[in-house]
Amino acid sequence: MRHGVVGCTLRATGETKENALRKIAAAIAASALIAVPAAAQAATPASPIGNVAPATTLPTFSGNAWTKKPITATKPPQNPYMAANGNSNLHNDAWMTDTYWRSGPLGKNLKQTTNSFGLTLPGLCASLTFDTAGRLLTICPNLSGPKMRLLDPVTLDLIAEQQLPSKSCPDQVTNPFCVSGNIFQDFSGGGYFYLDNQNRFVVGANDRTIRIYSVNAQSNGFNLDASYDLSSVLSEHERFSSALPDWQGRIWFVTRPGKVGYIVPGTGQIRSVNLGEPIQNSFTVAQDAVYVPTDSALYKFDSSGDAVRRLWRTVYPNTGVKKPGQAAAGTGTTPTILPGNLVAITDNADPMGIVVYKGSTGAKTCRVPVFNRGASATENSLIGFGTSTKSSLIVENNFGYDQPASVMSGETSRPGFTRVDVSNSGRTCKTKWKNTTDVAPSVVAKVSVSNGLLYTYTKPKTTNGSDAWFWTAIDVATGKRVWSRLAGTGLSNFNNNYAAIHIGPDGALYIGLLGGVARLSDGS
């Protein structure tokens, strides 16, 4: 998965996509110049995100409340150096399953709460984590530099905030924000972070350091507990894509140009290799291995020795084309580990396929094409759940979305979702169902095995030019929509731009938006 940055409010009806993008970028750049205190001294009450005209003619709620239908599944192991599974990172756990063992809303009298960060506090909080006190902790990348934020999980009040290092680049004077390519697909410097087993932020920062922050004793700011300088192995303007711990506590990292390595906390010892292949996604950590996807191949590294030792490399099908809806011409997925020592990604063929490999050897066990030729792409990790006897993978189609202007004025991306069941030690992959109705432009969707629902964030095409966004629940067993609840309207206000849905410890749904943060819960 990848997720983007920045936010503003823009009514785009009647404008070209190019003009809309320019206005968004200009508003973002202007807002980034507004100074923000390093930490909030008192909670700032949430201010609701505003809707942008035209209003939608679609119903605010459709469907029916759900009765729980639990799914039989094996829990992924708990990485001892990460916060509890479900609370620690964008994809929930070290296996990157995007699966929860707690229930989310069932669709009963749904209540939404939002907090608008607006132009004075720009940035999309794409990855949301929860500490042992249930507080919401996030990092929100934006053009002036990422911001750590501590939020009340119920009211979404801003409790504390602190700026992280901003980007640097060769043309710093003329381009103070160091933006290259699509600003909505720049995820470095904090987009991927994790919460460790001591409730601390661990982030690969823009200044080539891996930083560890804790919430201070007063819960109104942050302490820098450790900072590890990797400038000896990273070039001057090289940026982290992601950082994660192995089972021994070493912090592994990958960079966009293609370096893979780790640092040993305490000693500062660094080991790294240069693959020479761009890495756009995060990676996956097993008990004794690290799986890294590049734009060309899937790698497995040994995480038990005193070196970055490659165990295997396998090339996946690739057209070599960056499709609309992709950040690069390669897989758009972080690898997902399944019970039975299997690992899965999507390839970049046409049509795109789900590919399953043996974790031990890297041998392909099966492949299933998904979606239509000329209209298949994803930028989000596969959802994986099941047992060593039978597992399932769910993939979302993002073809057609690569920036907010891609879905402006009532337009949207291509549908939908596909579930593939994997059995017979991975040798058999069969399509269970296809949902060709619901359109999720870019969200990291999630499954609750406790209630049998797939939670996603959709944008149907409209005829009146309204940009309406919906919380949507889908039956995991059939692929049919169960209910849909309006989040709000607006080209950017309610656009999630690659952010993930999360189920909090209290059973509410959360999502980062270009306009702020939103929460959805069942009512009484």
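The values are calculated or read from the model by the stated rules, or taken from the named source; none is laboratory data. Since we're looking at a predicted model, the values are computed, not measured. Don't worry about glycine lacking a Cβ; one is built from the backbone with ideal geometry, like all the others, and counts go over all protein chains shown. For the accessible areas, the whole protein counts, side chains as well, though only heavy atoms, and no ligand, DNA or RNA atoms are used. Shrake-Rupley method; radii C 1.70, N 1.55, O 1.52, S 1.80 Å.
Karplus-derived 3J(HN,Hα) values for region 98-114, using 6.51 cos²θ - 1.76 cosθ + 1.60 with θ = phi - 60°, are 6, 10, 10, 9, 9, 8, x, x, 9, x, 9, 6, 4, 10, 10, 10, 9 Hz; glycine and proline are entered as x. Near the amide H of Leu124, within less than 5 Å, lie the amide hydrogens of Val6, all on another chain or at least 5 residues away, with H placed in the peptide plane. Rounded to whole Å, give me the distance from the Cα center of region 44-70 to that of region 414-458. Measuring centre to centre over Cα atoms gives 22 Å. For the chain, the convex hull drawn through the C-alpha positions has a volume of 126 cubic angstrom per residue.
For region 62-78, putting each phi into the Karplus relation 6.51 cos²θ - 1.76 cosθ + 1.60 with θ = phi - 60° gives couplings of 9, x, 9, 4, 9, 9, 4, 10, x, 10, 6, 7, 8, 5, x, x, 8 Hz, in residue order, rounded to whole numbers and with x for Gly and Pro.
One way to sum up the overall shape of region 293-370 is the equivalent ellipsoid from its Cα gyration tensor, whose semi-axes run 23, 15, 10 Å, largest first.
Cross-link partners of Lys69 among lysines, defined as those whose alpha carbon lies under 25 angstrom from its own and excluding same-chain residues fewer than eight positions apart: Lys108, Lys111, Lys390, Lys430, Lys432, Lys434, Lys446, Lys480. Quick check: from the Cα gyration tensor, does region 434-486 come out rounded (a/c under 1.5), prolate or oblate? Prolate. Take the chain with all the other protein chains still there, run a 1.4 Å probe, and you get 33 Å² of accessible area per residue. Around the amide H of Gly516, modelled in the peptide plane, lie the amide H atoms of Phe117, all under 5 Å away and 5 or more residues distant in sequence or on another chain.
Between Val154, Asn109, Met96, the Cα set farthest toward the positive side of the dipole of region 58-156 (charges on each charged residue's Cβ, about the Cα centre) is that of Asn109. Summarising the amide proton neighbourhood of Leu106: residues at separation of 5 or more, or on other chains, whose placed amide H is nearer than 5 Å comprise Asp522.
Placing +1 on the Cβ of every Lys and Arg and -1 on the Cβ of every Asp and Glu, with no other charges, gives the chain a dipole of roughly 1340 debye about its Cα centre. For region 44-51, 3J(HN,Hα) computed residue by residue from phi via the Karplus equation (6.51, -1.76, 1.60; θ = phi - 60°) reads 9, x, 5, 10, x, 6, x, 7 Hz, glycine and proline entered as x.
Net charge dipole, region 220-264: roughly 160 debye, given to the nearest 20, about the Cα centre with Cβ charges of +1 for Lys and Arg and -1 for Asp and Glu. For region 261-309 versus region 139-168, the inter-centroid distance based on Cα atoms is 28 Å.
Across the accessible surface of the chain, with the other protein chains kept in place and a 1.4 Å probe, carbon and sulfur atoms take up 51 percent. Shape call for region 369-443 from the C-alpha gyration tensor, a ≥ b ≥ c root eigenvalues: rounded (a/c under 1.5), prolate (a/b greater than b/c) or oblate? Judged from the Cα gyration tensor, region 369-443 comes out prolate (a/c at least 1.5, a/b above b/c). Only the Cβ atoms of Lys and Arg (+1) and of Asp and Glu (-1) were treated as charged; on that basis the dipole of region 410-524 about its Cα centre amounts to roughly 440 debye. I'd like to know which of Ser219, Gly512, Asn397 lies farthest towards the positive end of the charge dipole of the chain, counting +1 on Cβ of Lys and Arg and -1 on Cβ of Asp and Glu. Farthest towards the positive pole: Asn397.
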